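Following: one structure in C-alpha cells, then a few remarks.
The values are calculated or read from the model by the stated rules, or taken from the named source; none is laboratory data. The shown structure was predicted, so the numbers you read here are calculated from the model rather than taken from an experiment. Using ideal geometry, Cβ is built from the backbone for each residue, glycine included, and neighbour counts are taken over all protein chains shown. The protein model used for the area step is the full one, side chains on, heavy atoms only, and it has no ligands, DNA or RNA in it. Shrake-Rupley method; radii C 1.70, N 1.55, O 1.52, S 1.80 Å.
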Amino acid sequence: MDFDLSEEQQLIYQYGDQLAQRFDRKYWMENAATHRFPTEMFQQIADDGFLGVMVPESYGGAGLGLFEMTLFMEGLANNGIPLLSLVVSSTMSLPLIARYGTEEQKQRYLPDLCAGRTKFCFAITEPGAGSNTPEITTIARKSGAGYLLSGQKTFITDANDADFALVVTRTTPRSEVTRKTDGFTLFLVDLKAPGVDRAEIDIRVPMPESQWQLFFDDVQLTEADALGEFGRGFDILFDTLNPERIVVAAICSGLGRYALGRAVEYACEREVFSGPIGAYQGLQHPLAESKALLEAASLMTLKAAWCFDHNRPTGEAANTAKLTAADAGIKAVDASIQCFGGNGFTGDYGIYEIYPMVRLLKTAPVSREMILNYIGEKVLGLPRSY
Amino acid sequence: MKVLVCVKRVVDYNVRIRVKPDGGGVVTDGVKMAMNPFDEIAVEEALRMREAGHVSEVVAVTIGDKKSQEQLRTALAMGADRAIWVEHEEAIQPLGVARVLKALAEREQPGLVLLGKQAIDDDCGQTAQMLAALWQRPQATYASEVVISGETVRVTREVDAGLEVIDVDLPAVISTDLRLNEPRYVKLPDIMKAKRKPMDSYTLPDLGVELPPLVERLETTPPPARTGGFKVESVEELVATLKEKGLV
C-alpha cells in the first residue's frame with residue numbers, strides 16, 4: 001500500500017493555497033454574507049482547468065478521478081473556502097454526463113461546462129421526498145414525440161445561476177411499478193425553458209451559494225434530453241450520490257483543519273494569566289483530539305474516493321467518511337471557538353462563522369441518522385428499523 | 001537563449017517557524033514546504049521572457065534531497081521546459097550553491113541565470129553575487145524590472161537610495177526582487193503536462209564539485225517575544241517618550 005501522493009496529486013491538493021492568495025476566506029465571507037455567487041473566483045478556477053477534473057480530456061477536462069477531485073476540494077476547504085457549487089456541478093453532474101451521456105450530449109454540454117461558460121445544478125430532493133428518494137413524485141409524461149415534466153424540487157443549490165439542471169424524475173408513477181426504485185429517468189433540463197419557475201429558500205448558513213425551490217409546469221423535453229438508460233435512472237444515482245458524500249466529507253475535514261490552524265496560531269500567542277493559553281490542557285487536548293479525528297476522517301475520505309475510482313463497492317467507505325468527517329469538523333470548529341473565548345464570536349476574528357457550514361454538513365446531503373441506518377443495516381446486517 | 005532558473009525548497013511562508021528544542025535549527029518534520037517565493041518570481045520572469053520570444057528554453061534547477069524534486073515539479077507545472085535536480089542530502093551554504101550553479105552554467109551555457117534575491121529560510125542573499133563572481137559574468141541584483149534588448153539587458157534595481165538602472169552584457173546573473181512580477185497560478189492541464197517533462201539528475205561528483213562546510217552554525221534561537229506596548233496620555237508625553245528612548 002502506498003500512502004504517498006504523486007507530485008501531480010500534491011500540486012492539485014495545494015491548488016487551494018495559491019487560489020487563496022487572491023480569493024481568500026475574507027472574499028468568501030463577503031460573498032457568503034449575501035449568497036452572492038463568487039463569479040471572479042469561479043472564473044479563476046475555470047481558467048485554471050479545475051472545473052472538469054473528472055471530465056475526459058477530449059471534452060475539455062483533465063481526465064482524472066474522484067480522488068483528485070477530493071484532494072482539490074479538501075485543499076480549498078483547508079483555506080476556509082468551501083464551495084458547494086463545485087459539489088453539484090463538477091462532482092455530481094459533469095462526471096455523470098461524461099459517464100452516461102450520449103456523444104451528442106457530451107459534445108453539447110461538457111466543453112462549455114469545463115470552461116465555466118455554463119453551469120449545471122442537480123435536482124433530486126423534493127418536499128415530500130428528502131431522504132426517501134423512491135417517493136419522488138416529479139414526473140415526465142409521454143406527450144407526442146416528447147415528454148412533459150411536472151413537479152417540484154427543493155434545496156437545489158445554485159438553481160438561479162445554473163443554466164441547466166440534472167433532474168431526477170419518475171417516468172412511471174410509483175403506483176405502476178413493482179419495485180419502488182423502478183421507473184426513474186434522469187433528464188438534462190434547460191432552466192430557461194418555458195414552465196420552469198423558482199423561489200429562493202431563506203437559508204441562514206453563510207455561503208456564497210443560494211438554495212432554491214424549482215417548479216416544473218409541463219416543461220417540454222425530448223427523448224434526447226434523457227441521460228442514461230430510460231427508466232433505469234435509479235441505478236446510476238449512486239454514481240453521483242457517493243461522490244457527493246465523499247467530497248462533502250473532504251470539505252468538513254478541510255474546514256476543521258482551517259479552524260484548527262487559526263486556533264493554534266491564536267493559542268500560541270494569547271496570554272491571559274501566565275504563558276500562552278495553548279499550554280492549558282483544557283484547551284490543548286480538545287484541539288489535539290480534533291486533529292487526530294480530522295486526519296482519520298480525511299484518510300477514510302481518500303479511501304472512499306479510491307474505492308469509487310477503482311469500481312469497488314463505495315457505499316460503506318463513503319458513508320463512514322461523511323459521518324466521521326462531519327463529526328470531526330464540528331468538534332474541531334467547536335474546540336477552536338472555545339480557544340478564542342469571547343473573541344471567537346466577533347466579526348473581527350471570524351471564527352464562529354465557520355460553524356454553520358460544518359453543522360449544515362452534518363445534516364446534508366445525507367443526515368447522520370441515515371448514515372447510521374445504512375451502516376447498521378447494510379454493513380452490520382442488523383434488522384431494518386423503518 | 002536558454003535561461004537557468006534556480007529554485008530552493010524552503011518552509012512555506014505561511015508556516016509559523018519553530019526552533020528545535022536542542023537549538024539545532026528549525027523544525028521541518030511534518031511542516032509544509034514550498035518554493036522560495038523570490039524564486040517563484042524568477043521562474044515567472046523566465047516564462048514571460050520565453051513568451052515574449054527572447055528565450056527559447058527555461059531550465060529549472062535545485063539542489064537538495066529527493067523531496068526537493070517537488071519544487072522542480074512546481075516549476076515545470078508553471079511552465080519550465082525541463083528540470084535539473086542536483087542530489088545533496090546535507091544542508092548547503094551560499095558558496096556551495098554558487099559552485100554547483102557555476103558547474104551547471106558551464107555545462108548548460110545559459111544566456112541568463114535567474115534566481116531569487118534571497119531565500120526566506122536563511123535570508124543569506126549571497127548566492128547570485130557569488131555565482132557571478134565565480135562564473136566571471138556581470139550581475140544585476142534586486143531586479144524590479146528586466147528588459148532584454150539584443151546582447152544586453154536593462155535591469156532596474158531596488159537599492160536603498162531608490163531605483164538604479166543598469167545595462168549588463170549577457171550572459172549575466174540576475175536576482176529577482178518582490179515587485180518584479182506576480183507569479184502565475186499553476187493550472188491543472190499544466191500540472192498534468194509537468195509529469196511528462198524531463199528531469200535530469202546529477203550528484204556532486206558528477207559535477208566535480210566538493211562542498212566542505214565553511215560555516216558552522218553554533219545555535220538557533222527564536223527571536224525574543226514582543227513585550228507589548230503601553231499607552232501614553234498626550235502627544236507631549238509621546239514625543240518625550242520617543243526622545244527618551246532615542247527614537248526621534
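What are the residues whose amide H is under 5 Å from the amide H of B:SER201, where those residues sit 5 or more places off or on another chain and H is modelled from the backbone?
B:TRP85
What aspartates and glutamates sit close enough to B:LYS193 to cross-link, taking a C-alpha to C-alpha distance under 14 Å and skipping anything fewer than 8 places away on the same chain?
Counting by Cα, and skipping residues close in sequence, B:LYS193 has these aspartates and glutamates nearby: A:GLU7, A:GLU8, A:ASP48, A:GLU57, B:ASP81.
Just how far, in whole angstrom, is segment A:353-386 from segment B:158-202 if you go by their alpha carbon centroids?
With segment B:158-202 and segment A:353-386 each reduced to a Cα centre, they are spaced 50 Å.
How large is ³J(HN,Hα) for each residue in segment A:106-114, as worked out from phi by the Karplus curve 6.51 cos²θ - 1.76 cosθ + 1.60 (θ = phi - 60°), to whole Hz, x for Gly and Pro?
Once rounded to whole Hz, the list reads 5, 5, 5, 9, 5, x, 5, 5, 5.
How much accessible surface does B:SER56 have with a 1.4 Å probe, in Å² rounded to 10?
My reading of the accessible area for B:SER56 is about 80 Å².
Need the list of lysines near B:LYS231 for cross-linking: C-alpha distance under 18 angstrom, and skip anything on the same chain fewer than eight residues off.
Within reach: B:LYS243, B:LYS245.
In whole Hz and in residue order, list the ³J(HN,Hα) couplings for segment B:62-69 that follow from phi through the Karplus curve 6.51 cos²θ - 1.76 cosθ + 1.60, θ = phi - 60°; x for Gly and Pro.
9, 10, x, 6, 4, 5, 5, 4
Could you tell me, in Å, what Rg and Dmax come out for the Cα atoms of segment A:7-118?
Cα-based Rg and Dmax for segment A:7-118 come out at 13.8, 41 Å.
Of the beta bridges DSSP finds with both residues in chain B, what % are antiparallel, to the nearest 5? Provide the component values of the computation, followed by the final result.
Numbers: 18 of 46 bridges.
Given both bridge residues lie in chain B, the antiparallel proportion sits at roughly 40 percent.
A:PRO194: net charge of surrounding residues, Cβ under 11 Å, Lys/Arg +1, Asp/Glu -1, itself excluded?
Combined, the nearby Lys, Arg, Asp and Glu give -3.
Is it possible to state the helix-based mean residue ellipticity at 222 nm for chain A, with each DSSP H run of 4+ residues giving -39500 (n - 2.57), the sum divided by total residues, to the nearest 500 deg cm²/dmol? What is it? Before the final figure, lay out the partial values.
On the way: 11 runs with 173 residues, N = 386.
Calculated from helices alone, the mean residue ellipticity at 222 nm is -15000 deg cm²/dmol.
About the Cα centre of segment A:7-118, how large is the charge dipole given +1 on each Lys and Arg Cβ and -1 on each Asp and Glu Cβ? Please answer in debye to the nearest 20. Spell out each step's value before the answer.
Details: 8 positive and 14 negative charges, 83 e Å.
So the magnitude is around 400 debye.
Given bins 10 angstrom wide, list per bin the percent of all Cα-Cα distances in segment A:121-231, short to long.
15, 48, 29, 7, 0
Search the structure for amide H atoms under 5 Å from the amide H of A:LEU191, placed 1.01 Å from N in the peptide plane, and list their residues when 5 or more places away or on another chain.
Answer set, sorted by chain and number: A:PHE164, A:ALA165.
Calculate the mean, over all residues of peptide A:9-17, of how many other protein chain Cβ atoms lie within 10 angstrom of the residue's Cβ.
On the way: counts 1, 4, 12, 5, 0, 7, 5, 0, 4.
Other-chain Cβ atoms within 10 Å of each residue's Cβ, averaged: 4.
Could you look at segment A:235-379 and say what percent of its accessible area is carbon and sulfur, using a 1.4 Å probe and all protein chains? Each step should come with its number before you reach the end.
Working: 3450 of 6280 Å².
Accessible surface attributable to carbon and sulfur in segment A:235-379 totals 55 percent.
Under 12 Å from the Cβ of B:VAL55, count the other residues' Cβ atoms, weight Lys and Arg +1, Asp and Glu -1, and hand me the total.
Working: positive: B:LYS2, B:ARG48, B:ARG50; negative: B:GLU45, B:GLU51, B:GLU57, B:ASP81.
After counting each charged neighbour, the total is -1.
Return the sequence-ordered ³J(HN,Hα) values of segment A:225-241 in whole Hz as given by the Karplus equation 6.51 cos²θ - 1.76 cosθ + 1.60 applied to θ = phi - 60°, using x for Gly and Pro.
8, 6, 9, x, 5, 4, x, 10, x, 5, 5, 9, 4, 6, 6, 10, 6
Taking N as the number of residues in the protein assembly as shown, what value does Rg over Cα atoms divided by 2.2 N^0.38 Å take?
Relative to the rule-of-thumb radius for its length, the protein assembly as shown sits at 1.11.
Nearest 500 deg cm²/dmol is fine: what mean residue ellipticity at 222 nm does chain B get from its DSSP H runs of n ≥ 4 alone, each adding -39,500 (n - 2.57), divided by its residue count?
Details: 7 runs with 70 residues, N = 248.
Rounded to the nearest 500, the figure is -8500 deg cm²/dmol.
Sequence-distant or interchain residues sharing an amide H contact under 5 Å with A:VAL53, placed H: which?
Residues meeting the amide H criterion: A:ALA62.
Segment A:193-231 to segment B:35-109: how many Å between their Cα centroids?
Each part's Cα centre sits 51 Å from the other's.
From the Cα trace of segment A:235-379, what convex hull volume per residue do you get, rounded to a whole Å³? Don't skip to the end; give the middle numbers.
Values: hull volume 15.1 nm³, N = 145.
Expressed per residue, the convex hull around the Cα atoms of segment A:235-379 is 104 Å³.
Put +1 on the Cβ of every Lys and Arg and -1 on every Asp and Glu Cβ in the protein assembly as shown; which of A:LEU149, B:PRO224, A:ILE201 then has its Cα farthest towards the positive end of the dipole?
A:LEU149
May I ask for the Rg/Rh ratio of segment B:2-244, computed from Cα atoms with Rh as the Kirkwood radius, given to two decimals?
Numbers: Rg = 20.3 Å, Rh = 19.4 Å.
Computed over Cα atoms, the ratio is 1.04.
What does the charge dipole of chain A about its Cα centre add up to, to the nearest 20 debye, if the Cβ of each Lys and Arg holds +1 and the Cβ of each Asp and Glu holds -1? Each step should come with its number before you reach the end.
Details: 34 positive and 49 negative charges, 200 e Å.
Computed about the Cα centre, the dipole is about 960 debye.
Let me check something: with ligands and nucleic acids excluded, how do A:LYS378, B:LYS197 order by accessible area (1.4 Å probe), largest to smallest?
On the way: A:LYS378 135, B:LYS197 50 Å².
Result, largest first: A:LYS378, B:LYS197.
I'd like to check one number: the per residue accessible area of segment A:235-379, probe 1.4 Å, reported in Å² as a whole number.
Values: 6280 Å² over 145 residues.
The answer is 43 Å² per residue.
For B:LYS193 and B:TYR13, calculate 0.36 nm times their separation in residues minus their Cα-Cα distance, and state this gained length in nm to one decimal.
Roughly 62.1 nm would be gained on extension.
Any chance you could give the angle, 0 to 90 degrees and rounded to 10, that helix A:66-78 forms with the longest Cα principal axis of chain A?
It works out to around 40 degrees.
Mind grabbing the interface size between B and A? I mean buried accessible area, both sides, 1.4 Å probe, in Å² to the nearest hundred. If you can, show how the numbers build up before the last one.
Working: alone 14450 and 17140 Å², together 29730 Å².
Chain pair B/A: roughly 1900 Å² of buried accessible area.
How much of B:ARG107 can a 1.4 Å solvent probe reach, expressed as accessible area in Å² and rounded to 10?
130
Could you compute the FRET efficiency for A:THR118 and B:LEU178, with r as their C-beta to C-beta distance and R0 at 41 Å, rounded to 0.05?
Working: r = 39 Å, r/R0 = 0.95.
Here the calculated transfer efficiency is 0.55.
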